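All of the numbers you see were taken from the coordinates with simple rules; none came from a lab. From a predicted model like this one, the values you see are computed outputs, not experimental measurements. No Cβ is skipped: glycine too gets one built from the backbone with ideal geometry, and neighbour counts run over all protein chains shown.
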């Protein structure tokens, strides 16, 4: 037998008879991933009312009524005078309901043949079922219902001996009429002929409904008349109206950035790519419920060649991919250089390749006519991919340390590759595969022993090419930055006081450090560098693949060595990202090559210099 939960939405309570009514089930998706269709529900009244689905702990009886909006119920708890375990159990249940401690109900139902419809989201729609019992429970599975429950419990309660309002009388009457009708129908369907007691019960409820049919319209008319005759509450005039204030409450996660994306990947890894198993694993991540939501999203690919379109169909995964990119981008040169120009993929962008002619003109002389030179550049889609291999033991480990391992591994590998491809002079463009690095084809300036002279020559090269140097950025290795920070003049003052191994500036020119710069010091004018980035990551998982465990796989032949994930208890995580860049101006990048600078000892620090103590 299965259970489906709902809010204990009490509509009416009769304390004298211990009768209460409300909603037993709604066609909403619960936390178990099920939707119970009221149109397909069958039951035989009256049903047992249990406590926490314990068949050994009945506390009363219940009558159900099916409506398109849900299953209504009227429950009765007996008044037991004789002391004993049954009296204690029934009294405990009744007091728990009145005190608001028990806040939910749950139907125990049996799914009938062909009664399950599997939705694309991964949820189950129960189209045919038989309700066998109704239970009082403490935790409803419907999260949205819990919010309404809080509002309901927060409202002031009317004392039991206080007069009911018109609205309360209408609700009580309608609920009572519905319950009576359900009971009358059940009596007629239970047997061909009614017994004397059943006839008396039927006639009593029929007479009560006749009275309610006449009373409810009168109450509704009275409520309408009172509403039309009501006068607004006078507002007391204030000398100075208060200044309106807007308070905005925002809930933010204290988890490390990228945790949702990493947990998405972990769930897929641990489930070996099985989405339904991954959903069950994701339920353990109670502080990132969006992971389970993303896994439940139906993925309908539009085309294999246009990732932004297909990615847009998967808002959950796209969100996580963007979260990972937001975590990755600040660690790469592409994200650390300010002022780079973002453009879309496959869009032609005009660029100027030559300036016009301007000259002094004497009186009456003709003015020069010139033409500017332009061409267009377009950033095609280039795919960057990696396969990370983990053991199943690591994939199943849900500790924060394992998550940090995943996060560092994914960021470090992609960061190193992106930075190398972005600034390595040896990376040339390969049509349909990869863009050229921004330093490819740059001759550069050979380094001397004086870094200040070299940097000045580097900046002068932009001025000579007619490129403004405002916004220029210097890229260098941490070791070069360390050496520059320890260079001193003859008087012992630092030549580069604002430079450190983490970056800084040279005479106001920003410095960004990366070990991949090597012996080169690269100057970049960011506004002339175009880049395109789809802002997401595509993730695929496999446990059955056999791959070449090398970082430079070749076309397979007889000598190719493969490693089986299935045999070695491994899981592969494949990540793909679309990104590209190009120089909008051929001279937008220049560099110093072959730098071999060394820290110099100032005269004040040398033996016998100004800093040496002398004997008088």
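Would you mind putting 363-371, 82-90 in packing order, based on average other-beta-carbon counts within 10 Å, highest first?
Sorting 363-371, 82-90 by mean packing, highest first, produces 82-90, 363-371.
May I ask you to sort 476, 276 by Cβ crowding, counting other Cβ atoms within 10 Å and putting the fewest first?
Placing the least packed residue first, the sequence is 276, 476.
So how do 462-475, 424-437 stack up, highest first, on mean other-Cβ count within 10 Å?
Averaged packing, sorted descending, gives the order 462-475, 424-437.
Can you put 132, 517 in order, fewest other beta carbons within 10 Å first?
Lowest count first: 132, 517.
For a quick check: sort 53, 95, 109 by the number of other beta carbons within 10 angstrom, fewest at the front.
95, 53, 109
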